[in-house]
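Comments concern the structure below.
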Amino acid sequence: MTTTIDDLLDKIKTLESELIDEIQNQQDTSSYQIQQKKVCFENSVIQQHKQHLQRLLDYFKAAPIKHILSTPIIWSVLFPTILFDIFVSLYHSICFPIYGIPKVKRSNYIVFDRHYLNYLNIVEKINCAYCSYFNGLIAFTQEIAARTEQFWCPIKHARRISTLHSRYQHFLDYGDAIAYRQNKEKIRKQFDDIKERT
């Protein structure tokens with residue numbers, strides 16, 4: 001049964017990777033190039049983008065009042081998020097080397113590249129940066145937590161969970177005390193399958 005689960009999890013990981021690749025491949029990259037992580041557009045595309053730029057006054061006129069009024073609530077989350085980021089990053093940089101856990105590459109999760117889009121006004125660019133940071137930080141933190149859980153408590157749950165993190169397939173079956181005592185140390189070091197994007 002464990003073999004079937006491992007096979008399914010491997011297929012899911014492979015399909016997820018293929019999906020990401022396919023989404024990336026479907027993008028029309030003929031108008032830009034990525035050079036040293038910087039997105040460079042052709043001049044004709046930049047000019048075309050600027051024609052679709054919405055002026056700030058028009059942007060605010062078109063925005064529903066409820067969106068404008070809720071903005072302070074959205075942005076109030078930024079301050080605890082930055083604090084959370086600091087503590088997670090400190091834990092990651094100090095404890096992972098101590099435990100021998102491979103570090104998570106932050107730039108694979110937190111990506112800022114929408115500011116190169118000249119059809120976005122300054123407010124839209126700031127909003128995009130906020131979303132990139134917040135969602136990237138959550139994904140980065142989930143991977144840190146997954147590797148931490150594999151090191152400290154690699155046991156599957158008895159109850160059904162709604163989503164699996166990247167390390168769950170390495171965990172031991174719930175309630176199998178013998179396997180836990182025999183294999184815990186081996187699983188703590190089982191990170192050979194990690195291949196970070198560069």
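The values are calculated or read from the model by the stated rules, or taken from the named source; none is laboratory data. Here the structure is a predicted model, which means the values were calculated and not measured. Here Cβ is always computed from backbone atoms with ideal geometry, including for glycine, and neighbour counts include all displayed protein chains.
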(request) Could you figure out which of (1) over 30 Å from K195 (Cβ atoms); (2) modelled with pLDDT of 95 or more isn't true of A145? (result) (1)
(request) Considering only the range 40-65, state which residues are under 17 Å from K125 (Cβ atoms) and part of a loop (DSSP other than H, G, I, E, B). (result) H52, L53, Q54, R55, A63
(request) Go over the candidates Q33, Q26, Q54 one by one and state the one that is surrounded by 13 or more Cβ atoms within 10 Å (Cβ to Cβ) and either free of Cβ contacts under 8 Å to residues at least 24 places away in the same chain or of a type outside the set (A, V, I, L, M) (or both). (result) Q54
(request) Select, from I74, I86, I68, I94, the only residue that is part of a helix (DSSP H, G or I), surrounded by 12 or more Cβ atoms within 10 Å (Cβ to Cβ) and either modelled with pLDDT of 95 or more or at negative phi (or both). (result) I74
(message) Any residue at all in the range 59-73 that's under 19 Å from the mean Cα position of the chain (by Cα) and within 30 Å of H165 (Cβ to Cβ)?
(response) no
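Per-residue answers, yes or no, for (1) modelled with pLDDT of 90 or more; (2) over 15 Å from Y99 (Cα atoms); (3) of a type in the set (V, I, T); (4) part of a loop (DSSP other than H, G, I, E, B):
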{"residue": "F151", "(1), (2), (3), (4)": "yes, no, no, no"}
{"residue": "R159", "(1), (2), (3), (4)": "yes, yes, no, yes"}
{"residue": "I178", "(1), (2), (3), (4)": "yes, yes, yes, no"}
{"residue": "R181", "(1), (2), (3), (4)": "yes, yes, no, no"}
{"residue": "K186", "(1), (2), (3), (4)": "yes, no, no, no"}
{"residue": "F191", "(1), (2), (3), (4)": "yes, no, no, yes"}
{"residue": "K195", "(1), (2), (3), (4)": "no, yes, no, yes"}
(request) Being farther than 16 Å from V88 by Cβ and surrounded by 17 or more Cβ atoms within 10 Å (Cβ to Cβ) is the filter; apply it to the range 140-154 and report the residue that is nearest to the chain's Cα centre (by Cα). (result) Q150
(request) Kindly indicate whether E18 is part of a helix (DSSP H, G or I), closer than 20 Å to T163 by Cα and within 28 Å of the chain's Cα centre (by Cα). (result) yes
(message) Could you check the range 108-138 and list, in sequence order, the residues that are surrounded by 15 or more Cβ atoms within 10 Å (Cβ to Cβ), free of Cβ contacts under 8 Å to residues at least 40 places away in the same chain, assigned to a helix (DSSP H, G or I) and of a type in the set (A, V, I, L, M, F, W, C)?
(response) C128
